[in-house]
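Enquirer: Quick one: structure below, then a few questions.
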Amino acid sequence: MARLVLKFGGTSVADIDRIRNVARHVKREVDAGHDVAVVVSAMSGKTNELVEWCRQASPMHDAREYDAVVASGELVTAGLLAIALQAMGINARSWAGWQIPIRTDGSHGAARIESIDGSEIVRRFGEGQVAVVAGFQGLAPDNRVATLGRGGSDTSAVAIAAALKADRCDIYTDVDGVYTTDPRIEPKARRMGKVAFEEMLEMASLGAKVLQVRSVELAMVHKVRLFVRSSFEDPDAPGMGDLLNPPGTLICDEDEIVEAQVVTGIAYAKDEAQISLRRVEDRPGVAAAIFAPLADAGVNVDMIVQNISEDGTRTDMTFTVPSGDLQKANLLLEKAKPEMRFDTLQSETGLTKVSVIGIGMRSHTGVAATAFRALASRGINIRAITTSEIKISILIDGEFTELAVRTLHSAYGLDKAEG
């Protein structure tokens with residue numbers, strides 16, 4: 001017998017039929033004798049509708065009332081799933097975030113979880129009750145509902161799994177696991193059996209949309225084993241109830257991965273913009289003068305490259321930002337030009353960041369050279385490169401995105417079936 005947390009996203013609970021299907025997944029685990037807590041998102045499209053209603057009521061709405069409105073989407077799903085489970089003869093009860101309580105900080109609309117008291121849920125496990133918890137929400141210090149930001153239900157599920165000391169947290173979504181790259185671009189992409197937390201963190205932050213970044217961070221800190229699996233597979237298909245090895249991808253500690261592949265996957269992020277500041281005065285404090293205002297304005301800066309002139313007095317500073325932040329970044333930089341001391345500002349949109357990820361890189365040489373050779377053989381020009389212990393990110397023109405992803409996927413043998 002195990003303790004499981006099952007999380008179901010918006011597409012998995014989009015209508016009553018899908019909620020009944022989710023109930024069958026839950027029933028399978030209950031029938032196997034496991035203690036089960038379920039975390040649910042709002043039905044697909046509902047959060048956007050609620051957000052739009054707030055905007056229509058007043059563009060300058062109170063963040064606390066915004067939270068009260070948008071948190072209602074998950075409450076509806078939780079209540080409906082509890083009803084569906086009860087109709088199947090299962091003892092189930094829905095919970096709002098504040099009833100547990102899940103305590104957060106006071107950042108309404110983007111709150112962070114600070115503590116969870118799971119004692120009452122555990123007590124009810126002893127009575128054979130299933131807890132159906134509304135994701136994406138908690139209780140702020142002002143005793144009002146606070147929401148966790150988009151994708152927050154993943155975070156709720158991992159935090160609850162940590163609080164309950166669950167054996168596993170299953171994230172049910174509309175894909176059946178984590179793939180070596182986007183299968184829509186490369187049909188030869190393979191579903192992976194296991195991925196290390198660090199690799200998943202890189203993949204999630206670099207464009208892979210399977211899991212929300214904060215939930216992976218939380219899982220890594222608390223060593224919560226995550227399992228990505230599909231809610232659209234038949235709940236009673238062979239192997240679905242296998243506790244140790246059900247179909248899907250396990251996100252786990254590096255220690256559980258016996259033989260790490262050199263490269264695990266290829267991720268990409270489109271709509272990158274590049275900003276270049278030419279002939280910046282090379283002196284202490286200039287980098288802080290450039291990047292601090294951008295950070296304060298919430299502009300996410302990445303891939304910083306610096307080239308110092310021969311005489312060492314001037315430098316060119318190049319970095320990337322999301323295309324949506326380019327206008328804001330340019331305005332801030334022009335405004336602060338006297339403190340930043342640069343001659344000219346150049347910017348360009350329509351770029352893509354392609355990343356090669358794998359914990360095996362730590363102990364293997366030549367990974368970067370393979371990428372550069374492969375891209376050169378296809379005539380793809382590299383704009384910028386950044387590396388970390390387990391990642392190489394390469395900036396290229398957006399028109400070459402699909403070709404670059406397929407080329408790199410093949411260069412590291414990811415399109416070959418595992419032997």
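The values are calculated or read from the model by the stated rules, or taken from the named source; none is laboratory data. As the structure is a computational prediction, the values presented were derived from the model and not from experiment. When we count neighbours, we look across all protein chains shown, and the Cβ atoms used for this are built from the backbone with ideal geometry, even at glycine. With ligands, DNA and RNA removed, areas are computed over all heavy atoms of the protein, side chains included. Shrake-Rupley method; radii C 1.70, N 1.55, O 1.52, S 1.80 Å.
Enquirer: I want to confirm something. Restricting to the range 342-353 and keeping residues that are hydrophobic (A, V, I, L, M, F, W, C) and within 17 Å of residue 294 (Cβ to Cβ), which single residue is least open to solvent (accessible area, probe 1.4 Å)? Spell out the reasoning first.
Expert: The first filter runs over the range 342-353 and keeps only residues hydrophobic (A, V, I, L, M, F, W, C), leaving 342, 345, 351.
Okay, now just the ones that are also within 17 Å of residue 294 (Cβ to Cβ), so 342, 345.
Values: 342: 10, 345: 39 Å².
It comes out as 342.
Enquirer: Follow-up. Quickly run through the range 287-326 and pick out the residues that are closer than 24 Å to residue 388 by Cα and of a type in the set (Val, Ile, Thr).
Expert: Answer for the range 287-326, where residues must be closer than 24 Å to residue 388 by Cα and of a type in the set (Val, Ile, Thr): 290, 299, 301, 304, 305, 308, 315, 318, 320, 321.
Enquirer: For the subset of the range 355-405 comprising residues that are out of contact with any Ser or Thr (no Cβ under 8 Å at 6 or more places or on another chain) and of a type in the set (Lys, Arg), which member is nearest to residue 188 (Cα to Cα)?
Expert: 373
Yes/no per residue for (1) open to solvent by less than 70 Å² (accessible area, probe 1.4 Å); (2) in contact (Cβ under 8 Å) with a residue 60 or more places away in the chain; (3) small (Gly, Ala, Ser):
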{"position": "18", "(1), (2), (3)": "no, yes, no"}
{"position": "28", "(1), (2), (3)": "yes, yes, no"}
{"position": "51", "(1), (2), (3)": "yes, no, no"}
{"position": "54", "(1), (2), (3)": "yes, no, no"}
{"position": "63", "(1), (2), (3)": "yes, no, yes"}
{"position": "77", "(1), (2), (3)": "yes, yes, no"}
{"position": "94", "(1), (2), (3)": "yes, no, yes"}
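Enquirer: So, one more: Quick one: would you say residue 170 is closer than 22 Å to residue 218 by Cα, surrounded by 17 or more Cβ atoms within 10 Å (Cβ to Cβ) and either in contact (Cβ under 8 Å) with a residue 24 or more places away in the chain or not aromatic (Phe, Trp, Tyr) (or both)? If you could, list the steps in order and put the result at the bottom.
Expert: Working: closer than 22 Å to residue 218 by Cα: yes; surrounded by 17 or more Cβ atoms within 10 Å (Cβ to Cβ): yes; either in contact (Cβ under 8 Å) with a residue 24 or more places away in the chain or not aromatic (Phe, Trp, Tyr) (or both): yes.
Considered against the rule, which asks whether it is closer than 22 Å to residue 218 by Cα, surrounded by 17 or more Cβ atoms within 10 Å (Cβ to Cβ) and either in contact (Cβ under 8 Å) with a residue 24 or more places away in the chain or not aromatic (Phe, Trp, Tyr) (or both), residue 170 comes out as yes.
Enquirer: Of the residues 109, 128, which single one is at positive phi, surrounded by fewer than 20 Cβ atoms within 10 Å (Cβ to Cβ) and out of contact with any Ser or Thr (no Cβ under 8 Å at 6 or more places or on another chain)? Before the answer, list the steps.
Expert: Working: 109 fails: out of contact with any Ser or Thr (no Cβ under 8 Å at 6 or more places or on another chain).
After applying the criteria, what remains is 128.
Enquirer: Could you list, ordered by first residue, the pairs with Cβ atoms under 7 Å in which the first is in the range 236-264 and in a loop (DSSP other than H, G, I, E, B) and the second is among the acidic types (Asp, Glu), at least 6 apart or interchain?
Expert: 240/233; 247/176; 247/233; 248/176; 264/199
Enquirer: Name the pairs: first residue in the range 362-378 and within 17 Å of residue 389 (Cβ to Cβ) and in contact (Cβ under 8 Å) with a residue 40 or more places away in the chain, second residue outside any helix (DSSP H, G or I) and open to solvent by less than 40 Å² (accessible area, probe 1.4 Å), Cβ to Cβ under 8 Å, at least 6 apart or on different chains?
Expert: Short answer, once both residue conditions are applied: 367/263; 367/356; 367/358; 367/392; 371/356; 371/392; 371/394.
Enquirer: Further question on the same structure: If a residue must be open to solvent by 10 Å² or more (accessible area, probe 1.4 Å) and among the aliphatic types (A, V, I, L, M), how many such residues does the range 225-249 contain?
Expert: 3
Enquirer: For the range 288-341, which residues satisfy the criterion of being among the small types (Gly, Ala, Ser) and open to solvent by 50 Å² or more (accessible area, probe 1.4 Å)? Quick ask: steps written out before the conclusion?
Expert: Step one: filter the range 288-341 for residues among the small types (Gly, Ala, Ser), giving 288-289, 292, 295, 297-298, 309, 312, 323-324, 329, 336.
Hits for the range 288-341 are 288, 295, 298, 324.
Enquirer: Further, regarding this structure: Residue check, residue 279 against (1) in contact with a strand residue (DSSP E or B) (Cβ under 9 Å, 6 or more places away or on another chain); (2) at pLDDT below 90; (3) buried (at least 18 other Cβ atoms within 10 Å of the Cβ); (4) over 24 Å from residue 212 (Cβ atoms), all met but one. Which one?
Expert: So residue 279 meets the others, but not (3).
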